[in-house]
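The structure appears right after this line, and notes come after that.
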Amino acid sequence: MPSVTTRRRGFVMLLSLMLTVFAAPVLRADALDGALEVQSAFVNQEAGVYQLHARVLYPVNDQLREALRDGVSLSFDLDVSIQRQRRYWVDAEVVALTLRRELSYHTVSDRYLVRSARTGEQSSYPTLDAALEALGIVENWPILVASQVRGGEHTVSVRAGVRRGRLTDALRVLLFWTDDWHRESEWYSWSLPR
């Protein structure tokens, strides 16, 4: 039969293990901590096409820099939803689009690369701050054709999001269970001008 001190040691070890497992997620900093918000957005109409202009503030911190340098890529999404307001029914969704761009770090050139998921177009930046600033600027993105706008009021809503993109094989094995790499801002909404 185990002695009292052996049982106490076992209990203390079990308690320490439980505290480590359950308190670690609370104590460590999230790599996506920091500001994530749509600061401003507006739509203008040019030649029958509504174009979105937006400014987004993305989080930047040391954990994010380290993750990118270790081979993690991040996907930056800008979701747009345009809805026609109905008086006695649920609003009708006219358009729902996502602008997806990917940020990665290229070790050989020591530069941050931003790639459009839709076109494959790529830009490179010397610093993470410069890359995030470029990601936060959306200009002249065509989101709606004037013929899609029928009678009634329409609401435009924009939301920014960041999520983990591709991983190297070694990191995929280590990070398969985590979901810490996904954040979304609040919706930024306004009425569609006519």
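The values are calculated or read from the model by the stated rules, or taken from the named source; none is laboratory data. In this text the structure is predicted, and so the values were computed from the model without any measurement. Because the Cβ atoms are built from the backbone with ideal geometry, glycine has one as well, and the counts that use them run over all protein chains shown. In case anyone asks, the SASA skips ligands and DNA or RNA and just uses the protein heavy atoms, side chains included. Shrake-Rupley method; radii C 1.70, N 1.55, O 1.52, S 1.80 Å.
Collect the residues in segment 78-92 that are surrounded by fewer than 17 Cβ atoms within 10 Å (Cβ to Cβ) and at pLDDT 95 or above, keeping them in residue-number order.
none
Taking segment 93-143 as the region of interest, how many residues are open to solvent by 50 Å² or more (accessible area, probe 1.4 Å) and out of contact with any strand residue (DSSP E or B) (no Cβ under 8 Å at 6 or more places or on another chain)?
Of the residues in that region, 6 qualify.
Going by the structure shown, is Gly152 over 24 Å from Arg163 (Cα atoms), open to solvent by less than 40 Å² (accessible area, probe 1.4 Å) and part of a loop (DSSP other than H, G, I, E, B)?
It is true that Gly152 is over 24 Å from Arg163 (Cα atoms), open to solvent by less than 40 Å² (accessible area, probe 1.4 Å) and part of a loop (DSSP other than H, G, I, E, B).
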